[in-house]
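Have a look at the structure below before the remarks.
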Amino acid sequence: MATVSLNLDFQFGSNGTPATLVDNSAKTKTCDFPREQAMLDVTAFNGNGTKAFAVGLSEATFTAEFFWDSTLDGQLAGLLGYITAISFQYGPDGNTTGKPKYTGSMFMKSFSKSNTVGDISLIKADFQITGVITRSVY
């Protein structure tokens, strides 16, 4: 059954207060949370013509688009080059009791502001997650 995405909880720290979450949910237009598992090729000779794999390290990122907001722009600008990982909290279905919640730490990878004549101003940001992601519920 298809669902319409109406709720999101996306909070993250800032420069100087990396563990204090700032709620940017109402400013978020899109949020992509891909997680990837490396698959290591362990194929040996005489493997009957088939490949064999072993599980390697995993990684995850966030790519988000935000509606232009000067406060958020300042928060993101302060994270570029910031060498301390910041905390994040992500709820893909909002923050209602019983809904899934992901938490962990991440670094700012990049951010940019786009302007198009007659269109909404957006900020695009890419984050690299570092360490373990914890899945729980609100």
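See the values below:
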{"quantity": "Tilt relative to the chain, helix 70-79 - C-alpha long axis, 0 to 90 degrees, to 10", "calculated": "40"}
{"quantity": "Relative contact order %, the range 1-118, counting alpha carbon pairs below 8 Å whose residues are six or more apart", "calculated": "30"}
{"quantity": "Rh (Kirkwood; distinct C-alpha pairs) - the range 4-58, Å", "calculated": "15.5"}
{"quantity": "Lysines whose Cα lies under 19 Å from that of K124, excluding same-chain neighbours fewer than 8 positions away", "calculated": "K27, K29, K109, K113"}
{"quantity": "14 Å beta-carbon shell around S121, net charge (K/R +1, D/E -1)", "calculated": "0"}
{"quantity": "Length added when fully stretched, V137-T30, from 0.36 nm per residue minus Cα-Cα", "calculated": "36.4 nm"}
{"quantity": "Three-way shape label, the range 78-127, alpha-carbon gyration tensor, a/c 1.5", "calculated": "oblate"}
{"quantity": "Reciprocal mean inverse distance between Cα atoms of the chain - Kirkwood radius, Å", "calculated": "16.8"}
{"quantity": "Extension gain, D73 back to K99 (0.36 nm per residue minus Cα-Cα distance, nm)", "calculated": "6.5 nm"}
{"quantity": "Total formal charge among the other residues, if their Cβ is under 14 angstrom from that of Q75, Lys/Arg +1 and Asp/Glu -1", "calculated": "-1"}
{"quantity": "Theoretical FRET efficiency, 1/(1+(r/R0)^6), r = Cβ-Cβ of N115 and D23, R0 35 Å, to 0.05", "calculated": "0.85"}
{"quantity": "Estimated [θ] at 222 nm from DSSP helical runs (n ≥ 4, -39500 (n - 2.57)) normalised by residues in the chain, nearest 500", "calculated": "-2000 deg cm²/dmol"}
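Since every read-out is calculated from the coordinates, none of them should be taken as a lab result. Everything quoted here is computed from the prediction, not taken from an experiment. Please note: Cβ atoms are built from the backbone with ideal geometry, for glycine as well, and neighbour counts cover all protein chains shown.
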